[in-house]
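**Q** One structure, as structure tokens, below. Some questions next.
The values are calculated or read from the model by the stated rules, or taken from the named source; none is laboratory data. This structure is a prediction, so every number in the text was calculated from the model and none was measured. As a convention, Cβ positions derive from the backbone with ideal geometry for all residues, glycine included, and neighbour counts pool all protein chains shown.
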Amino acid sequence: MQGLRSFLARQVVTAVPYLWLLVFFLAPFLIVLKISLSETAIAMPPYTPVFEGLKDLLEKAKQLSFDNYLWLTEDALYIKAYLSSLRIALVSTLITLIVGYPLAYAMARAPDGLRPVLLMAVILPFWTSFLIRVYAWIGILKPEGLLNQALIGLGLISEPLQIINTDWAVYIGIVYSYLPFMVLPLYASLERLDLRLIEAAMDLGATPLKAFWRITVPLSVPGIVAGSLLVFIPAVGEFVIPDLLGGSDTLMIGRTLWVEFFYNRDWPVASAVAILLLILLVVPIVIFQKMQEKAAR
Amino acid sequence: MAKTLGPVRRSFQPWNDPSEPAYIELRDVTKRFGDFTAVDRQSLVIYEREFFALLGPSGCGKTTLLRMLAGFEEPSEGEMLLQGRPLTGVPPHKRPVNMMFQSYALFPHMSVADNIAFGLKQEGMAKADIAQRVAQMLRLVKLEPFAGRKPAQLSGGQQQRVALARALAKRPKVLLLDEPLGALDKKLREETQFELADLQESLGLTFVIVTHDQEEAMTMADRIAVMDHGRIIQVATPAEIYEAPATRYIADFVGDVNIFEGQAERLEEGKLRIATTAGFAVETVVNGPSLPANGDTVWFAVRPEKMVISHDRPAGASSGPAPNMVEGEVWDIGYLGDVSIYNVKLACGDIVRATRLNAAREVERPITWDDRVWLSWRPDSGVLLAG
């Protein structure tokens, strides 16, 4: 009796997070998937439901439409948007890594008393609204903005640089906004690193630079991977930054989604775009995790 | 300290040979960390092929001294030389010195073979030569079947061997060992002590070991430097350190000891009488120039195993106060199997410790708790300590 009760109690406890995931992730996903397999209709809601009950499930299954997915492959716009999103996310992730690594390294090597302060400084921007911080960048990057004024003032340029409304502004925006997500996991893995390993490498004849490449970098790979995924994944679907800072020719999938949903009111195509984006992100991550597991064994 | 007490392990005694050049030499080396002086103006000579131990409690400066030899710390003042060439200012990766780290510092992302090969790769050695040397090192530490394993998949003893192989792979002029056996259990530690000493002798390398474990230092080292508060107090062979400690601190730190305080009184040539505060008298022979004057406060140290414990008053003087003996009551007994430890309480309340070898399996009249016993020692069994 006692055993059964504790068994049930354990089941209930583990059920809570599963239930959460079921209600807030799987259910919405299935709804979006359903919409993506239906046909566009000019109505309210603007789609034709495919099945309303289980009784005619088989009947309706035949009607499932993959047209939306075919449509995505036919129109070059979508493929371009995907590729451009991946490119922008990839480049931004790389820049974030290059900027974030030295930051995290310096933090991990800082005196004990200083580290919490530095950690606070990294988290501090989160206390201001994300939207406000992105808007602030418009003020900095626009032709008569702070950056151009400063550069002209220093005599480095005579004409204001066109940064706002270009991909560069999007890169700056993403790198700025997502830097903490890169720095924190990197810091966590670098802070744990045993300094005697570096000493051992140097003792065995490695120059400080070589010790860094052969010891520090390989041992911080978990941090690099975690940080890169935390930046890359939201950056691919980013909407606010390209919309506010990017130009009309900055093509990103998040923006395409928005246009499909709110301008074209084509929910099925928009849903198909969302599903495809998800697959595009999940598949490589799963493959990567499997590889990690294999390497660990 | 030229005199040699007891048999030395080998005929190897370069420190007694004035023509022997110094291999490692420290000249007035000081190391300060802020206000704290870790090593205070110390000089030291270590000879080629010597197994040299730095012994002391934690915080005595021994590890700092080792890290200065490795190049991780630079001396604040003074000079360090290896084969007459200055070491000061040479970065660690350019020193012909390798270190075996405390808790090993093996590279967790590399296999055993890659760990051992690491130093050789930095040298730019040819691939075939590296493979050959790695195989040789694996054979030396008997780890051939584990070449492909990661450090985390090895036991503590195996990790210790990998660390040793990695440090030896480059054939350094000097191998520095920082508490090399500290993480092993007692049995394995004892085995490894002898292995390490044999290895050092067969490879003909100079080893400098840092340890807080006097047994480890005594088993392996040719000479020991006992350190305290940033100073080297005595440099001598294990037997000299044990039998002729330079100070009360060393007598107390290395092994067990009974120390009696008293007033010195000179008798005839070389003989000294000490009236101890514990109420008995000690008569001892003192050779050397440092004979104390009458009335000086001195300390007399006797090791527990040199105390003879008996029920009967030792022969000699049958009545009246006699020197080198004292009566007491057995306060505590520690039975260790091979030896027994007797804590004897004197009339003044002091506890004196004596050990006795349990040579026979059964004793007719065993010494037991609360027995009245006599402790005695030969005039040359103890050491006179000045400070």
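**Q** Condition test on residue B:98, is it in contact with a Phe, Trp or Tyr (Cβ under 6 Å, 6 or more places away or on another chain) and outside any loop (DSSP other than H, G, I, E, B)?
**A** Taking the combined requirement at face value, the residue does not satisfy it.
**Q** Continuing with this model, one more query. Would you pick out the residues in segment A:109-149 that are among the small types (Gly, Ala, Ser) and touching a Leu at 6+ places or on another chain (Cβ under 9 Å)?
**A** Within segment A:109-149, A:110, A:139 meet the criteria.
**Q** Tally the residues that are surrounded by 21 or more Cβ atoms within 10 Å (Cβ to Cβ) and over 21 Å from residue A:200 (Cβ atoms), restricting the search to segment B:63-79.
**A** Residues in segment B:63-79 being surrounded by 21 or more Cβ atoms within 10 Å (Cβ to Cβ) and over 21 Å from residue A:200 (Cβ atoms): 1 in total.
**Q** Only one residue in B:90, B:45 is within 30 Å of residue B:233 (Cα to Cα), in a loop (DSSP other than H, G, I, E, B), β-branched (Val, Ile, Thr) and without any contact (Cβ under 8 Å) to a residue 40 or more places away in the chain, so which one is that?
**A** After ruling out the rest, the residue left standing is B:90.
**Q** In the list B:103, B:19, which residue meets the criterion of being touching a residue at least 12 places away in the same chain (Cβ under 8 Å) and surrounded by fewer than 18 Cβ atoms within 10 Å (Cβ to Cβ)?
**A** B:103
**Q** Further question: Yes or no: segment A:179-193 includes at least one residue that is of a type in the set (Val, Ile, Thr) and in contact with a Pro (Cβ under 8 Å, 6 or more places away or on another chain).
**A** Within segment A:179-193, not a single residue is of a type in the set (Val, Ile, Thr) and in contact with a Pro (Cβ under 8 Å, 6 or more places away or on another chain).
**Q** Any chance segment B:119-130 includes a residue that's free of Cβ contacts under 8 Å to residues at least 12 places away in the same chain, in the same structural domain as residue B:63 (by TED's automatic domain parsing), over 29 Å from the mean Cα position of the chain (by Cα) and within 26 Å of residue B:66 (Cβ to Cβ)?
**A** yes
Residue-wise test of (1) of a type in the set (Asp, Glu); (2) without any contact (Cβ under 8 Å) to a residue 40 or more places away in the chain.
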position	(1), (2)
B:72	no, yes
B:77	yes, no
B:94	no, yes
B:98	no, no
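**Q** Something else: For residue A:247, are the conditions met, namely being closer than 27 Å to residue A:135 by Cα and surrounded by fewer than 17 Cβ atoms within 10 Å (Cβ to Cβ)?
**A** Spelling it out, residue A:247 is indeed closer than 27 Å to residue A:135 by Cα and surrounded by fewer than 17 Cβ atoms within 10 Å (Cβ to Cβ).
**Q** Tell me whether segment B:41-62 contains one or more residues that are away from every other protein chain (no Cβ under 14 Å), within 15 Å of residue B:179 (Cβ to Cβ) and among the polar types (S, T, N, Q).
**A** yes
**Q** Tell me, yes or no, whether segment B:208-217 has at least one residue that is under 28 Å from residue B:36 (Cα atoms) and either assigned to a helix (DSSP H, G or I) or without any contact (Cβ under 8 Å) to a residue 24 or more places away in the chain (or both).
**A** Yes: one or more hits.
**Q** In segment B:118-159, which residues are surrounded by 15 or more Cβ atoms within 10 Å (Cβ to Cβ), at the interface with chain A (Cβ under 10 Å from one of its Cβ atoms) and of a type outside the set (D, E, K, R)?
**A** B:118, B:119, B:120, B:122
**Q** Is there any pair linking a residue in segment A:143-157 that is more than 20 Å from residue A:247 (Cβ to Cβ) and surrounded by 13 or more Cβ atoms within 10 Å (Cβ to Cβ) to one that is at pLDDT below 90 and charged (D, E, K, R), with Cβ under 9 Å and at least six apart or on different chains, and which?
**A** A:152/A:159
**Q** Moving to a separate point now. Given the residues A:234, A:222, A:242, A:218, which is the only one that is over 24 Å from residue B:73 (Cβ atoms) and out of contact with any helix residue (DSSP H, G or I) (no Cβ under 8 Å at 6 or more places or on another chain)?
**A** That would be A:218, the only listed residue that is over 24 Å from residue B:73 (Cβ atoms) and out of contact with any helix residue (DSSP H, G or I) (no Cβ under 8 Å at 6 or more places or on another chain).
**Q** Which of the residues belonging to segment B:243-258 are touching a residue at least 60 places away in the same chain (Cβ under 8 Å) and in a helix (DSSP H, G or I)?
**A** If the condition is that a residue be touching a residue at least 60 places away in the same chain (Cβ under 8 Å) and in a helix (DSSP H, G or I), then B:243, B:248, B:251, B:253 are the ones that fit.
**Q** Looking at segment A:116-142, which of its residues are among the small types (Gly, Ala, Ser) and either in contact (Cβ under 8 Å) with a residue 12 or more places away in the chain or farther than 16 Å from residue A:183 by Cβ (or both)?
**A** Within segment A:116-142, A:129, A:136, A:139 meet the criteria.
**Q** Can you tell me which residue in segment B:229-263 is surrounded by the fewest Cβ atoms within 10 Å (Cβ to Cβ), limited to those that are over 30 Å from residue B:334 (Cα atoms) and in contact with a Gly (Cβ under 7 Å, 6 or more places away or on another chain)?
**A** This residue is B:263.
**Q** Next question. List pairs: first residue in segment A:164-181 and farther than 15 Å from residue A:122 by Cα and in contact (Cβ under 8 Å) with a residue 40 or more places away in the chain, second residue among the hydroxyl-bearing types (Ser, Thr, Tyr) and part of a helix (DSSP H, G or I) anywhere in the structure, Cβ distance under 6 angstrom, at least six positions apart or on different chains.
**A** The qualifying pairs are A:171/A:92; A:174/A:92.
**Q** Condition first: surrounded by 13 or more Cβ atoms within 10 Å (Cβ to Cβ), in the same structural domain as residue B:323 (by TED's automatic domain parsing), among the charged types (D, E, K, R) and within 17 Å of residue B:306 (Cβ to Cβ). Can you find one or more residues in segment B:370-378 that meet it?
**A** no
**Q** Can you tell me which of B:265, B:269, B:261 is more than 30 Å from the chain's Cα centre (by Cα), among the acidic types (Asp, Glu) and not in a loop (DSSP other than H, G, I, E, B)?
**A** B:265
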